[in-house]
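Just below is one structure, and these are the notes that go with it.
No lab work stands behind these numbers, since they all come straight from the coordinates. Nothing here was measured: the structure is a model prediction, and the numbers come from that model. FYI the Cβ positions are ideal-geometry reconstructions off the backbone, even for glycines, and counts take in every protein chain you see.
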Amino acid sequence: MLRLLLLALLPAVLSFSPPAPPLPAPSLPLHAALPSDLEHLSSARSLASTPPPGATYPNPPVGCVVLSPSGARLGAGFHPRAGAPHAEAFALLEATGLLPDGAAAAQSIVSNTATPELAELIAAYLAGPAKLLPKLPAGCTAYVSLEPCCHVGRTPACAAARVGA
């Protein structure tokens with residue numbers, strides 16, 4: 001009888017966890033999202049749904065929109081498939097004037113109609129975005145449907161590319 005009682009209490013003991021420590025104060029000032037922020041983030045999320053389901057596996061589908069300090073749309077893109085540059089790359093390439101339309105370029109990869117010029121530009125980007133991307137004006141904003149990656153695999157780190165731009 002005692003043994004059954006202890007076994008009945010075991011799940012309650014195992015599920016107990018001490019309270020989490022308090023989070024540190026943010027180092028940057030926080031502000032409430034404006035309606036325009038939500039619109040641009042919604043646009044990035046919409047771009048993320050462009051490729052066919054599973055095309056980006058093992059990566060998640062991601063969209064990105066880059067705005068000038070005045071709020072004008074400078075570039076947009078999405079991650080077309082695994083191994084291809086991520087959404088931020090296409091948006092930054094358009095924002096810096098290296099591509100006429102980042103989303104259209106990403107779409108050409110999805111539909112296997114990419115031009116040799118685009119393939120050459122992508123190869124240069126994959127070799128090192130810092131060497132390729134000119135600087136954007138100070139105060140530009142990138143809306144990304146998922147936090148930028150910070151590791152290097154088949155593609156360079158998007159976080160580093162954004163900081164460098």
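For a test of the definition: using alpha carbon positions, the gyration tensor, and the 1.5 limit on a/c, classify the stretch 38-157 as rounded, prolate or oblate. In terms of gyration-tensor shape, rounded. Sorting the segments 111-121, 85-95 by their mean number of nearby beta carbons within 10 angstrom, highest to lowest, gives 85-95, 111-121. Counting other Cβ atoms within 10 Å, keep those with at most 14, restrict to DSSP loop, and tell me which trypsin sites (Lys or Arg not before Pro) in the stretch 60-143 are left. Hits after loop and neighbour filter: K135.
Under 20 Å from a label point 7 Å along Cα→Cβ of N112: give me every residue in the stretch 51-93 with its amide N that close. From the stretch 51-93, the list is 51-58, 79-85.
Using a/c under 1.5 as the rounded threshold, could you call the stretch 64-114 rounded, prolate or oblate? The axes a ≥ b ≥ c are square roots of the C-alpha gyration tensor eigenvalues, and prolate needs a/b larger than b/c, oblate otherwise. Cα axes put the stretch 64-114 in the prolate bin.
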